[in-house]
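**Q** Dropping a structure here in structure tokens format, bear with me for questions.
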Amino acid sequence: MSRIDNLMARMTLAEKLGQLTMTASSYTVTGPVIAGDSTQSIIDGTIGNLLNMVGAGPVHEMQRLAVEKSRLRIPLLIGLDIIHGHRTLFPIPLAEAGVFDENLWERTAREAAREGTADGLAMTFAPMLDVSRDPRWGRTAEGPGEDSWLNARIAQAKVRGFQGNDLSSPEAMAACAKHFVAYGGVTAGREYAAVDISERNLREVYLPGFAAAVHAGVATLMPAFTDLNGVPMTAHIPLLRDWLRGEMGFDGVIVSDYNAIAELIKHGVAADLVDAAVLALKAGVDIDMMADAYRKGLPIALEQGRVTIEEIDASVRRVLRLKEQLGLFDDPYRRGATPEPAAVVARRHALARDVARRAVVMLKNERDTLPLSAAAKALCVIGPLADASTEMKGPWWGAGEHEPAISVLAGLRAALPQTDIRHAPGVAIESDDESGIEAAARLCDGADAVLLCLGERATMSGEAASRATPALPGRQQALAEAVMARAHALGIPVVAILFSGRPLVVPWLSEHADALLAAWFLGVEAGHAIADVVTGQVSPVGRTPMSWPRAVGQVPIFYGQRPSGRPMNPADYFTSKYQDVDNTPLYAFGHGLTYGRFSYDDLQVAPPRVREQDTLKISVSLRNVGAREAEETVFLFVRAKVSRVTRPLLELKGYAKLRLKPGEAGSVDLELRAAELRLLGPDLQPLFETGEVEILVGPSAEQTGLLRQTIELC
Ligand code: NOJ
């Protein structure tokens with residue numbers, strides 16, 4: 001008899017439901033104790049899983065209660081959100097998406113897993129795979145941005161990174177693909193609001209990231225808080241049971257979001273907690289996080305014949321199997337057995353700095369304002385985010401709450417010890433007080449350049465942080481205007497550095513700043529990373545994974561829109577346009593400048609006629625016509641010319657990178673399996689449609705910058 005069969009035969013109903021319950025522990029890191037002290041329940045075997053614990057000491061202490069004091073000695077599964085690093089905070093996921101580097105995506109997850117497991121954890125609630133096309137939604141910060149292909153690549157890299165190839169390794173943890181699905185489509189970008197999207201969009205845009213995570217072997221998955229087309233995801237039988245478990249063959253653990261089972265009552269689909277528990281269990285949700293609906297509701301439901309013991313058992317088995325795969329039965333203390341050596345932590349900081357500087361997106365750089373001249377004697381670092389070390393960490397600092405982070409000011413002072421670096425905040429991030437603006441503007445006198453550090457507080461993005469007007473908060477616009485007026489009157493260039501968990505609506509700043517950097521939130525090494533970029537130690541390589549709107553009214557805005565029957569034409573009134581703003585984004589998906597300048601030429605695509613089993617070979621020549629060495633990211637898009645369903649104007653299918661010295665030329669090779677050109681036909685079934693397809697290659701999704709070649713699918 002296997003260990004699991006043996007346990008199943010001995011477990012009482014209360015013990016079974018304990019395995020289906022996850023509770024916040026007494027050692028919370030994200031807030032006050034919510035569930036009270038769970039100690040006795042762990043001993044009783046009626047709580048089998050915990051969240052929000054940190055530190056090997058407390059984790060082992062709790063584990064000891066389960067494996068030494070409980071009747072059946074079943075170890076606990078203990079999880080925590082590791083969204084952008086555990087103790088060593090990396091750039092937020094949105095920023096990291098823009099590095100377009102699968103190896104780095106995997107490495108940061110691997111390092112976070114090392115750090116998390118050193119703290120005793122065996123599970124994390126990541127990666128977050130919510131495509132977002134709406135910067136009003138605060139959780140945009142935690143995700144991959146607007147593109148579904150990119151999301152799928154990130155999903156696989158992150159699952160590999162967290163889980164490695166052996167879940168029982170002391171450095172591996174179970175990943176959790178979340179939030180299933182289409183959470184990023186909340187109405188009007190408002191957190192937790194209803195989602196209503198078409199079946200086609202669901203299948204083309206939102207499901208592929210989860211499919212990729214399942215293919216990569218993700219151990220767990222979390223349904224979103226939201227409903228989809230009228231059915232809350234926590235109770236979504238067609239998607240959880242039929243698609244995920246059925247079509248995709250996912251047999252891992254589904255864990256509800258925080259209190260989400262009880263929230264089925266507020267959604268209006270469950271009459272009470274018993275009803276809610278029945279709905280969630282029937283949909284295939286195994287673990288109830290924080291609602292206590294399974295423990296309270298399932299015994300009653302069982303008695304009333306509304307669920308069967310077999311249904312409960314199936315979930316219990318999945319949880320026990322996960323614990324077994326994680327090696328928790330064999331040695332529940334393997335994670336966190338030894339503290340990490342200082343050298344390992346130091347190396348991780350080097351990685352954090354490397355990713356952070358790669359994540360910086362140079363949106364604009366007029367007249368080569370950046371890098372700063374090495375001859376600069378005085379720099380002004382102005383703005384509420386210049387000396388804001390805590391903000392640099394971003395919205396989800398987890399166990400990194402007390403880790404020091406490097407501010408822009410500190411980073412620059414460390415990089416340029418001989419330079420006179422002056423600082424004034426000018427205004428606070430959100431306050432109405434303008435009294436500091438004049439002094440800040442005066443600081444510019446005699447400086448060689450001004451770095452204006454503006455943007456959001458870290459917690460203005462993340463969960464429950466939607467913003468109807470995702471622009472500069474408080475009086476930062478007034479500060480920018482005053483500083484820019486003064487500096488420009490004196491002939492001093494202004495570099496604006498934006499911190500945010502989303503693209504911001506900043507058309508004025510974009511027009512007037514001489515250079516503009518999107519620094520998102522870069523983590524503990526932020527200030528060093530920014531200093532590396534602005535001083536020219538490294539050339540920027542980051543690309544924006546979301547389109548930047550010119551006006552909030554353009555939202556949702558994304559490059560993969562479908563064509564209109566009346567495409568925008570300035571000469572024709574009755575075409576698809578706004579009267580007051582251009583259709584195009586301020587910055588397109590994939591946009592990001594480097595210190596080089598790349599010309600593209602000679603796109604070759606072969607063969608010209610392809611069948612489904614063929615692979616296309618694509619190459620393009622690049623020359624760095626700029627004055628500095630740099631690395632270029634080259635994107636591959638496709639577009640079906642005629643199709644029986646409308647296809648997006650562009651679809652991303654690949655990317656490649658090339659580093660070139662000034663004047664140097666080289667070429668980039670890309671491959672594309674023709675099978676990837678399959679689309680969902682009018683009946684939503686996969687279809688390899690014959691006909692002409694355009695292959696487009698270039699530096700971003702901006703149409704004018706793309707080289708194109710037409711091939712034929714036959
Ligand atoms: C709620 C969030 O939606 C989810 O992403 C997170 O994993 C859980 N809380 C646990 O912290």
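The values are calculated or read from the model by the stated rules, or taken from the named source; none is laboratory data. Source: prediction; values computed, not measured. Glycine also receives a Cβ, built like all others from the backbone with ideal geometry; neighbour counts cover every protein chain displayed. The protein model used for the area step is the full one, side chains on, heavy atoms only, and it has no ligands, DNA or RNA in it. Shrake-Rupley method; radii C 1.70, N 1.55, O 1.52, S 1.80 Å.
**Q** For the ranges 659-665, 338-344, 521-527, 468-474, what's the packing order if you count other beta-carbon atoms within 10 Å of each residue, average per peptide, and put the highest first?
**A** 521-527, 468-474, 659-665, 338-344
**Q** Give me the dipole magnitude in Debye, nearest 20, for region 216-332 about the Cα centre, with unit charges on the beta carbon: positive for Lys and Arg, negative for Asp and Glu.
**A** Value, rounded to 20: 100 debye.
**Q** Write down the Å³ per residue value for the convex hull defined by the alpha carbon atoms of region 17-155.
**A** Per-residue hull volume (Cα only) is 121 Å³.
**Q** Given R₀ = 35 Å, FRET efficiency for Glu434-Gln703 by Cβ-Cβ distance, to 0.05?
**A** Using R0 = 35 Å, I get an efficiency of 0.25.
**Q** How large is Rg over Rh for region 598-713, taking Rg from the Cα atoms and Rh as the Kirkwood inverse mean of 1/r across Cα pairs?
**A** 1.03
**Q** List the aspartates and glutamates whose Cα lies under 13 Å from the Cα of Lys364, skipping any in the same chain that are fewer than 8 positions away.
**A** Within the straight-line limit of under 13 Å, Lys364 reaches these aspartates and glutamates: Glu511, Asp514.
**Q** For region 576-642, state the semi-axes of the equivalent ellipsoid (square roots of 5 times the eigenvalues of the alpha-carbon gyration tensor), sorted largest first and rounded to whole angstrom.
**A** Three semi-axes, in Å: 27, 24, 9.
**Q** Take the cross-link list Lys393/Lys653; Lys617/Lys657; Lys16/Lys296 and give me the ones stretching past 21 Å between alpha-carbons.
**A** Checking Cα-Cα distances, Lys393/Lys653 exceed 21 Å.
**Q** So what is the 222 nm mean residue ellipticity for the chain from helices alone, if each DSSP H run of at least 4 adds -39500 (n - 2.57) and you divide by all residues, rounding to the nearest 500 deg cm²/dmol?
**A** Mean residue ellipticity, 222 nm, calculated: -7500 deg cm²/dmol.
**Q** Counting DSSP beta bridges in region 352-548, what percent are antiparallel, to the nearest 5?
**A** In region 352-548, DSSP labels about 15 percent of beta bridges as antiparallel.
**Q** What is the local net charge at Asp251, summed over the other residues whose Cβ is closer than 9 Å to its Cβ (Lys, Arg +1; Asp, Glu -1)?
**A** Surrounding charge for Asp251 is +3.
**Q** Grab the Cα-Cα distance for Phe688 and Glu102, subtract it from 0.36 nm times how many residues apart they are, and report the gain in nm with one decimal.
**A** Between Phe688 and Glu102, full extension yields 208.2 nm more.
**Q** Viscosity 1.002 mPa s, temperature 20 °C: give me the Stokes-Einstein translational D for the chain in µm²/s, with Rh taken as the Kirkwood radius over C-alpha pairs.
**A** Answer from the Stokes-Einstein relation: 80 µm²/s.
**Q** Sort out for me the Cα centre separation of region 607-684 from region 280-301, rounded to whole Å.
**A** 47
**Q** Taking the alpha-carbon centroid of each part, what is the distance from region 473-506 to region 49-102 in angstrom?
**A** The two parts, judged by their Cα centres, are 40 Å apart.
**Q** Could you check the simple spin-label distance between Arg241 and Ser619, using points 7 Å along Cα→Cβ, in nm with one decimal?
**A** The modelled label-to-label distance comes out at 5.5 nm.
**Q** Something else now. So how strong a dipole does region 598-713 carry about its Cα centre when Lys and Arg Cβ are +1 and Asp and Glu Cβ are -1, to the nearest 20 debye?
**A** 40
**Q** Taking 0.36 nm per intervening residue step and subtracting the Cα-Cα distance, what contour gain separates Arg566 from Ala9 on full extension?
**A** My answer for the length gained is 193.9 nm.
**Q** Which of Gly138, Met53, Phe125 sits farthest toward the positive end of the charge dipole of region 1-138, with +1 on the Cβ of Lys and Arg and -1 on the Cβ of Asp and Glu?
**A** Value computed over the given set: Met53.
**Q** Give the whole-number value, in cubic angstrom per residue, of the convex hull volume spanned by the C-alpha atoms of region 191-315.
**A** Dividing the Cα hull volume of region 191-315 by its residues yields 101 Å³.
**Q** Sticking with this one: If you stretched the chain out fully between Val345 and Arg190, how much longer would it get, using 0.36 nm times the residue separation minus the C-alpha to C-alpha distance?
**A** 52.0 nm
**Q** At a Förster radius of 45 Å, what calculated FRET efficiency corresponds to the Cβ-Cβ distance of Ala414 and Asn165, to the nearest 0.05?
**A** For R0 = 45 Å, the calculated efficiency reads 0.70.
**Q** Hey, any idea what % of the chain's accessible area is carbon plus sulfur with a 1.4 Å probe?
**A** Carbon and sulfur: 49 percent of the exposed surface of the chain.
**Q** Same structure again: Would you work out the charge dipole size for region 351-422 about its Cα centre, treating the Cβ of every Lys and Arg as +1 and the Cβ of every Asp and Glu as -1, and quote it to the nearest 20 debye?
**A** The dipole magnitude comes to about 220 debye.
**Q** Where does the charge balance sit around Glu525 when Lys and Arg score +1, Asp and Glu -1, over other residues with C-beta under 12 Å from its C-beta?
**A** Summing Lys/Arg as +1 and Asp/Glu as -1 gives +2.
**Q** Next question, about the same structure. How high is the relative contact order of region 598-713, given as a whole-number percent (alpha carbon pairs under 8 Å, six or more residues apart)?
**A** 32
**Q** Also, I was wondering about something else. Can you say what percent of the DSSP beta bridges in the chain, counting only those with both residues inside, are antiparallel? Round to 5.
**A** 55
**Q** Right, here's the next one. Relative contact order for the chain: what percent, with Cα pairs under 8 Å and sequence separation of 6 or more?
**A** Rounded, it is 13 percent for the chain.
**Q** Identify the residues of region 667-681 with backbone N under 18 Å of a label point that sits 7 angstrom from the Cα of Arg200 along the Cα-to-Cβ direction, or state none.
**A** Only 677-681 pass the distance filter.
**Q** Taking 22 Å as R0, compute the FRET efficiency from the Cβ-Cβ separation of Asp313 and Arg71 and round it to 0.05.
**A** 0.75
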